1. Read phi for every residue in the stretch 722-732 and hand back ³J(HN,Hα) as whole Hz from Karplus 6.51 cos²θ - 1.76 cosθ + 1.60, θ = phi - 60°, with x for Gly and Pro.
2. Sequence gap at least 6, Cα distance under 8 Å: using those rules, report the relative contact order of the stretch 480-559 to the nearest whole percent.
3. Counting other C-beta atoms within 10 Å, and keeping those with at most 15, which DSSP coil trypsin sites (Lys or Arg not before Pro) do you find in the stretch 384-474?
4. Considering only C-alpha atoms, what is the centroid distance from the stretch 549-580 to the stretch 204-218, in Å?
5. Could you work out the local net charge near Glu309, counting Lys and Arg as +1, Asp and Glu as -1, over the other residues with Cβ closer than 14 Å to its Cβ?
6. What ranking of Thr288, Thr132 emerges when the number of other C-beta atoms within 10 Å of each C-beta is taken as an exposure proxy, fewest first?
7. Divide by every residue of the chain the summed helix terms, -39500 (n - 2.57) for each DSSP H run of at least 4, and state the resulting mean residue ellipticity at 222 nm, rounded to the nearest 500 deg cm²/dmol.
8. Once amide H atoms are built 1.01 Å from N in the peptide plane, which residues 5 or more positions from Tyr617, or in another chain, come under 5 Å H to H?
Amino acid sequence: MKQYEPFEGVIGRTVPESTPWWPTPPHPPKDAPNVVVILIDDLGFSHFNCFGSELVTPNIDALAKGGLRYTNFHVTPLCSPTRAALLTGRNHHSVGMRGISNWSSGFPSMRGQISQHATTMAEVLRDQGYTTLGLGKWHLVSMENTSSAGPFDQWPLQRGFDRHYGFLDGETDQFAPDLVYDNHRVNPPKSPEEGYHLSEDLVDHAIEFVHDAKSIRPDRPFFMYFAFGATHAPHQAPASYLEKHRGKYDEGWDVARERWFARQKELGIVPDFTQLAPRNDGVEPWETLPENQKRLACRLQEAFAAFLEHTDEQIGRLVRDLDELGELDNTLIVLMSDNGASQEGGPFGILHEMKYFNFILETPDEAVARIDDIGGPSSHSNYPWGWAQAGNTPFKWYKQNTHEGGVHVPLIVHWPKRITATGEIRPQFHYVTDIAPTVFEAAGATVPETYRGFDQMPVAGASLVYSFDSASEPSHKTKQYFEMGGHRAMYHEGWKAVTRHFPGVSFDDDRWELYHVAVDPSECTDLALSEPEKLRELIAMWWHEAEAYGVLPLDDRGIELFGARFREDSPHPTSRHYTYRPPINPVPPQASAGIGGRSWDLDATINRPPRANGVLYATGTENSGLSVFIKDDHLVFDYNLFMEHHVLRSSVAVPTGDSVVGVRFRRRDTDGVVTLVIDDKECGSMELPFVMRIISSIGMSVGHDHGSPVSKEYKGEFAFEGKLQRVDIQLVSPRAKDEGEILAREGMARQ
């Protein structure tokens, strides 16, 4: 027969007349290192103690002492784009990730997933003999494809990882996460009351994965991509860590920022000639703040610091385990942040970040009523702008912006077997696309020109390996464009042009600034007027790079791209009618019926034995969400408005046997009205003071309440004790009166 598989032996009529042959499987070079890439979320340039702050990071500091600190390293200003560039070595627009993977704009630059024409590090290394392990946050798949229905082609296992344990969206609750193990959802192994925290769980699985691999195949090196949920909001940590930080930040952000800046100079993290950037607009002098604003800001910073210290301890656990296995010496560890500190806590900070995404400005006087919840399971907190800028010391602006505060982050490289200049600093300019080429060079790996039939775009990055032995060799990376939501920048040989874009303003009217960052790294002296030719040169270079790397068209849309796209190849039917039949796994928000900010009907078809109770439908967490359930023979609706519960009970009992029970939810302006129905008969109504547009990062469950309970009326999952045949949700279309006009106004407000 025709041989489809390669065979270099001889096939005769009998075995004695034949010569066997076994193909040699791919295997890395003999001394190829293990590779561990650790990504921290929303962490500013100064946040590690070894980069200037007084926060507690002894295990990270030990990696810096035994390795190298890169002090001129840059990323994109947002999480998914940085992850796409990190894993592929290509620019984020080129691979289809100009923004977060929750969005798909209809243009090649924003597909919400990584192009098949760009292999990931995991794909390259797995095909060359590495074991590939993924832990933590993914956020590189279109969110409408993250349900248990798939498609799975952009999940971690389909993009090169042998194993994966973590979560798919941009954030999750650290005490009650939406967990995915390989290609299926799982529940956390224990409860918060039993001591559960996601970061610890991730490290437990990382250690297990390594032991599984090295116990059976010690000859094969492993590649581990470990993306913590920390320190992205919600800032949550075990109570013992929160207590350790009480009172540590009472001096406020001005004193802290000045002190951290002085430490950076002492440590050599920034040159002596560096200036401390002025306060960002909206950051008030600490001493002028009202007492409640100070109290809230301190407690929020304490939660962040506790979260970071707890994360540091988990990193230490992983490193100690590698050392005990005898693997640390030949393990290349790359530790970095995905963007600068977050501005999403607003001017005061916020106890519940979902309020930020609902355009609600929570005042400190309101928030301090629940100040003791901050950092625990009953909060979803983020710190204020003042502490975010302190985290970005000495820079200005934040995550999302292309000024240094958004894109200049710490990088630590640790590899005992190869790096001898331990504890040193490397000042060369580098960018996130340079990590993949570094790993490939260290591993002796070759990037394929074609992969699974797809021509591969060239890698855009430049390896850092040359710098392992030299602090003085000029950077191999001389230029890099930046773009995020219309914010733009162009770096070239020590100069940087940058503009901060305001949605609704013509891109042609953006005001470009010019900085000689080689001598002004904190962008304090704008040379746009005195060096007009250099500015024109860099702007022209930006447009050239934009053409070359697929940046165009410029697009300043953001949150409005979260909306469901009703089409036949989507989980969102053109009829806007959804039918869910249990048993069904929890469904993430963007793959389920989009009930946020609009009118809808829900009907649950049930067969109820006498006294049967339980949840029929729920979405969200104990911090925000809604739940439809039966309790004490009555139908109940709980609208958890950021822990302010609005509860409606039916005026009549739910019958035993077959019935259809449901909810009629109508949005008016920013408020709404909800009505309960049993067998098409209204049985109770209440008004709601506010309708949530974005409800939660945790999606819906049918027949039970997955994760932390939405309602205080029950505990645990409170699974329905009868037969739930189906839940039907109809998004009301056409929209209720004036709803389209309201949404249009909101779209303008988002600009």
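Taken together, the values in this text are just the output of simple stated rules run on the coordinates, not laboratory data. Please read these numbers as outputs of a predicted model, since none were measured by experiment. Cβ coordinates were reconstructed from backbone atoms using ideal geometry, including for glycine residues, and neighbour counts include every protein chain displayed.
1. x, 9, 9, 7, 6, 10, 10, 10, 10, 6, 6
2. 30 percent
3. Details: sites: Lys396, Lys399, Lys417, Arg418, Arg452; in loops: Lys396, Lys399, Lys417, Arg418, Arg452.
Within the stretch 384-474, the qualifying trypsin sites (Lys or Arg not before Pro) (loop, at most 15 other Cβ atoms within 10 Å) are Lys417, Arg452.
4. With the stretch 549-580 and the stretch 204-218 each reduced to a Cα centre, they are spaced 40 Å.
5. Combined, the nearby Lys, Arg, Asp and Glu give -3.
6. Listed from fewest to most nearby Cβ atoms, that is Thr288, Thr132.
7. Value at 222 nm, helices only, nearest 500: -6500 deg cm²/dmol.
8. Placed amide hydrogens put Val628, Gly703 under 5 Å from Tyr617.
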